[in-house]
1. Please grab the % of Cα pairs in region 1-49 that end up more than 17 Å from each other.
2. Assuming a viscosity of 1.567 mPa s and a temperature of 4 °C, what translational diffusion coefficient in µm² per second does Stokes-Einstein assign to the chain, Rh being the Kirkwood radius over Cα pairs?
3. Given Ser43, Val183, Asn145, which one lies farthest toward the positive end of the charge dipole of the chain, if we put +1 on the Cβ of every Lys and Arg and -1 on the Cβ of every Asp and Glu?
4. Test of the criteria: in region 26-62, which trypsin sites (Lys or Arg not before Pro) are in a DSSP loop and have at most 10 other Cβ atoms within 10 angstrom of their Cβ?
5. Can you give me the angle between helix 204-214 and the longest principal axis of the chain, using Cα atoms only, in degrees from 0 to 90, rounded to the nearest 10?
6. For region 1-95, state the semi-axes of the equivalent ellipsoid (square roots of 5 times the eigenvalues of the alpha-carbon gyration tensor), sorted largest first and rounded to whole angstrom.
7. If you average 1/r across every pair of different Cα atoms in region 26-143 and take the reciprocal, what Kirkwood value do you get, in Å?
8. Let me have the relative contact order for region 144-244, percent, based on Cα pairs under 8 Å that are six or more residues apart.
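All of the numbers you see were taken from the coordinates with simple rules; none came from a lab. Keep in mind that this is a model prediction, so the values were computed, not measured. Counting neighbours? That spans all protein chains shown, and the Cβs are built from the backbone with ideal geometry, glycine included.
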Amino acid sequence: MVSLTLQEARRVVRTLDAIAAAGGSPAGFARSGVTLLGGLVGSDLTTMSDCDVAAGHRRVVSDDPHALTPRDVERFDAFFHVHPLVRAHAFRPQVGTRRISDQVSPGAFRRTALYGEYYRPLRLGYVVAVPVCIAGPRLVSFVFNRGARDFDDRECALLEALRAPLAALFARAEAQAAAQAAVTAFLRGIGVDRAAPGIDSLTPREREVLAWVAAGKANVQIARIVGASPRTVQKHLEHVYAKL
């Protein structure tokens, strides 16, 4: 097993801090991730792929928004279920960072239709994927691509060190999006416009408490979840109602 140097560990921490600061929503997490992660390993093209394994389709965010055309996405989907990394990660949450070369030899890979019709036109041939969510048919990964050389063991170890914290940040972004949707539905139910004056003045803790109310939690339950007293939760709600 490859150990990271102190300098490499610091780079990992700085990158995670930057993604955490910029990625409060699922879209923000994806954009900051593809922008910041590729520099750690010298990726020619970095993407976040959100795959529906059952449907054989992926939604992709790229560090270069012009790198992949709709036709490229169609070509990828045509070979979705035979892609070595999809096969390695689908329905297998215990599997970590993997290169295509971990699954099939470079020579054999270059003889596949997947390489000839998708990777060769993009001038890419070496790929490593870091899964951050494997939940039923959903597979979400950061994918790093190169044209000239494969990713070495040290680079893969560095990416693997990022995998668990990235998964936690992804889960947090998804949870925040769900909470915001619950708040919107709750406000609509009590006749408050989501864009009404006062919404933007809510503090993060007030939004959090309101989200739990929208989820049907009582004050005592919310107090346990957020680590506060029921009286403090009540005060937060008083402030929310006054602002709204």
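1. I get 39 percent for the Cα pairs in region 1-49 exceeding 17 Å.
2. Using the Kirkwood radius from Cα pairs, D works out to 64 µm²/s.
3. It is Val183.
4. none
5. 80
6. 26, 18, 13
7. 14.4
8. In percent, rounded to a whole number, it is 25.
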